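Shown next, in structure tokens, is the structure this report addresses.
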Amino acid sequence: MRNTARWAATLGLTATAVCGPLTGAALAEPAAASGLYAPSALVLTLGHGESAATVTPERAVTLTCAPTSSGTHPAATAACAELRAAGGDFGALGPRSDVLCTREYNPVVVTVDGVWRGERVSYEQTFANECVKSSYGTVFAF
């Protein structure tokens, strides 16, 4: 009798774990969000200092590139286009040649954390100043 009760409890917990997510809000979401594209959602932060470990973020924006460009980034569509062209490689983004910046050293740290096409990404870059950061294109211009 004890084995039957233990088996029933195990079966009940398993059913709850498997079927629980199929109730409520999960059923209310549109079918398109279920996996026709790999997600691309990022959080970008900016702070003044030498490294992300010692800097307090002063600004943060979100950037979602799939299925459409959105988020709090001021130029989400252009930023997503730049990232797609770079294959999601933030290190491949380079400065524009038509921008001239002073040699002032006031370091700015940008961090990126999130998911790009279903893969986890984490990136950190220290720029000499705000002008240099902005010269790297729309992705870092926030």
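The values are calculated or read from the model by the stated rules, or taken from the named source; none is laboratory data. Computed from a predicted structure; not experimentally measured. Cβ sites come from the backbone with ideal geometry, for glycine too, and all protein chains shown count toward neighbours. Ligands, DNA and RNA are excluded from the accessible area calculation, which covers all protein heavy atoms including side chains. Shrake-Rupley method; radii C 1.70, N 1.55, O 1.52, S 1.80 Å.
A few remarks follow.
- Boolean, LEU63 is at pLDDT 95 or above, under 16 Å from THR138 (Cα atoms) and either of a type in the set (A, V, I, L, M) or in contact with a helix residue (DSSP H, G or I) (Cβ under 8 Å, 6 or more places away or on another chain) (or both): yes
- Taken over segment 37-52, the residue count meeting the criterion of being open to solvent by 50 Å² or more (accessible area, probe 1.4 Å), at pLDDT 90 or above and more than 14 Å from the chain's Cα centre (by Cα) is 2.
- Residue in segment 119-129 that is within 16 Å of ALA60 (Cα to Cα), under 12 Å from the mean Cα position of the chain (by Cα) and open to solvent by less than 40 Å² (accessible area, probe 1.4 Å) present: no
- Close Cβ contacts (under 9 Å, 6 or more residues apart or on different chains) running from residues in segment 87-115 that are closer than 14 Å to PHE142 by Cβ to residues that are surrounded by fewer than 10 Cβ atoms within 10 Å (Cβ to Cβ) comprise VAL109/THR54.
- Extreme residue, least open to solvent (accessible area, probe 1.4 Å), among residues of segment 59-76 that are farther than 19 Å from GLY118 by Cα and free of Cβ contacts under 8 Å to residues at least 60 places away in the same chain: ALA60
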